[in-house]
Amino acid sequence: MNLSRRTLTASVVALAALSLAACGGGSSAGSGSADNPYDLQQAGVLRAGTLTDAPPNVFLKDGKFTGFDNDLLTAAAGKLGLKVEFVGTEFSSLLAQVKTRKFDVGSSSISITEARKKTVDFTNKYDFGFLGLDVPKGSTITSFEQLAGKRVAVVQGTVQDDYATRSNLNPVRVPDYNAALNQLKAGTADAWITPAEIGEKTAADSGGKVLSVAKQLDPGGMAYAVAPGNDKLRAALDKAIDEVVADGTWAKLQKQYYPGREIPADFKPGSGSAQ
C-alpha cells in the first residue's frame with residue numbers, strides 16, 4: 001500500500017515537471033524573452049495594420065501591400081531582423097486595434113495628435129503631410145475657405161475629419177477612401193478633404209472627373225502607432241527609422257512615391273540626428 005502511494009506520488013511529480021517544461025519550452029515566448037524581445041504576437045514577425053486603398057501612402061497592388069509607409073516599415077523592420085505581416089483594415093478602427101494588440105503596429109500615414117496619444121504610443125515622426133482638397137469637375141470650389149455650408153467627405157477618425165469638425169463644416173463621414181471618392185462621383189458630397197498626395201493621385205487617375213484644387217500643411221507629422229507601454233518596440237522602431245534615413249532608404253522612397261514633393265526646410269525624419 002505504501003509502495004503504491006509512493007509510486008503514485010512519483011508519477012504526479014513527474015507529470016507536473018513535464019507540464020512545467022512544456023509551458024516554458026515553447027518557441028513563442030512572452031514579453032522581454034530572448035526570442036521575442038519586443039513582445040510581438042509572434043516572435044520574429046511584426047504584424048502591421050494598414051489600409052488597402054490609399055495610394056501612394058499605403059495600398060494593395062497585385063496582392064502585395066506597398067506604398068511609402070509600408071515600404072519604409074518593411075525596411076525598418078529588416079534592420080531589427082523582423083518580417084512584416086500586413087493586414088488590411090479600416091482607419092476608423094486601426095488605432096483601437098493597435099491598442100488592444102490585434103496589431104503590433106499601425107502603418108497608415110497616421111498624424112500625431114494629442115487626442116490619439118490617449119489611445120496609442122507613437123514612434124518618432126518619419127514623414128510630414130498636407131491636407132488636400134478634391135472636388136468634382138465643374139465645381140466652383142477652389143480653396144478650403146469656400147467649404148462653409150458644403151457637404152464635405154472625410155474618412156472617419158482621420159485628421160481630415162478633425163479639421164472638418166474644428167472648422168464647423170458639414171462632414172460626410174465614410175469608412176475609407178474609395179467611399180469618399182464615390183461621394184464625389186455620386187454628387188452626394190461637394191468636396192473631399194484628403195491627404196494631399198492621395199488626393200492628387202486620385203485626381204490624376206480620374207480622367208478629369210476629379211480635380212485637386214488646394215492643399216495646406218498638416219502640422220502634426222506622421223508616425224507609426226504601437227500599443228501603449230510597449231516601449232521596447234517603440235524604441236527599436238525609432239532606432240531603425242534613423243538607420244533607414246541614414247542609409248538613404250527614406251530619401252529613395254520619397255522620390256519614388258512623392259516625386260517633386262517639396263520637403264519643408266525644418267522637417268527632419270526620425271530623431272533628426274540621422275542625415
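The values are calculated or read from the model by the stated rules, or taken from the named source; none is laboratory data. Values in this document were obtained by computation on a predicted structure and should not be read as measured data. Here Cβ is always computed from backbone atoms with ideal geometry, including for glycine, and neighbour counts include all displayed protein chains. Side chains included, ligands, DNA and RNA excluded: accessible areas come from the protein's heavy atoms. Shrake-Rupley method; radii C 1.70, N 1.55, O 1.52, S 1.80 Å.
Tabulated data
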{"item": "Members of the stretch 69-112 found to be open to solvent by 40 Å² or more (accessible area, probe 1.4 Å), β-branched (V, I, T) and touching a strand residue (DSSP E or B) at 6+ places or on another chain (Cβ under 7 Å), listed by number", "result": "T74"}
{"item": "Residue list for the stretch 196-224, restricted to those being within 28 Å of I241 (Cα to Cα) and among the β-branched types (V, I, T)", "result": "I198"}
{"item": "Members of the stretch 257-275 found to be open to solvent by 60 Å² or more (accessible area, probe 1.4 Å) and farther than 25 Å from K117 by Cα, listed by number", "result": "P259, G260, E262, I263, A265, Q275"}
{"item": "Boolean, Q254 is surrounded by fewer than 21 Cβ atoms within 10 Å (Cβ to Cβ) and in contact with a strand residue (DSSP E or B) (Cβ under 7 Å, 6 or more places away or on another chain)", "result": "no"}
{"item": "Qualifying positions in the stretch 79-98 - over 27 Å from A179 (Cβ atoms), without any contact (Cβ under 8 Å) to a residue 60 or more places away in the chain and not aliphatic (A, V, I, L, M)", "result": "G81, K83"}
{"item": "Some residue of the stretch 38-52 being of a type in the set (K, R), modelled with pLDDT of 95 or more and open to solvent by less than 80 Å² (accessible area, probe 1.4 Å)", "result": "yes"}
{"item": "Tally of residues being part of a loop (DSSP other than H, G, I, E, B) and within 18 Å of the chain's Cα centre (by Cα) across the stretch 230-268", "result": "2"}
{"item": "One residue from T165, T140 being open to solvent by 10 Å² or more (accessible area, probe 1.4 Å), more than 18 Å from the chain's Cα centre (by Cα) and under 22 Å from P219 (Cα atoms)", "result": "T165"}
{"item": "Output for the stretch 168-195, where each listed residue is open to solvent by 70 Å² or more (accessible area, probe 1.4 Å), out of contact with any helix residue (DSSP H, G or I) (no Cβ under 9 Å at 6 or more places or on another chain) and in contact (Cβ under 8 Å) with a residue 12 or more places away in the chain", "result": "N168, N178, K185"}
{"item": "Answer residue from the stretch 143-162, given it is open to solvent by 30 Å² or more (accessible area, probe 1.4 Å) and within 26 Å of the chain's Cα centre (by Cα) and is farthest from T52 (Cα to Cα) among those", "result": "D162"}
{"item": "Qualifying residue in the stretch 60-68 (condition: open to solvent by less than 30 Å² (accessible area, probe 1.4 Å), touching a residue at least 12 places away in the same chain (Cβ under 8 Å) and within 19 Å of A196 (Cβ to Cβ))", "result": "yes"}
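One line per residue, one yes/no per condition, for (1) under 19 Å from T123 (Cβ atoms); (2) in contact with a Lys or Arg (Cβ under 9 Å, 6 or more places away or on another chain); (3) touching a residue at least 24 places away in the same chain (Cβ under 8 Å):
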| residue | (1), (2), (3) |
| --- | --- |
| G220 | yes, yes, yes |
| A227 | yes, yes, yes |
| K232 | yes, no, yes |
| A235 | yes, no, no |
| A240 | yes, yes, yes |
| V244 | yes, yes, yes |
| Y258 | no, no, yes |
| A265 | no, no, no |
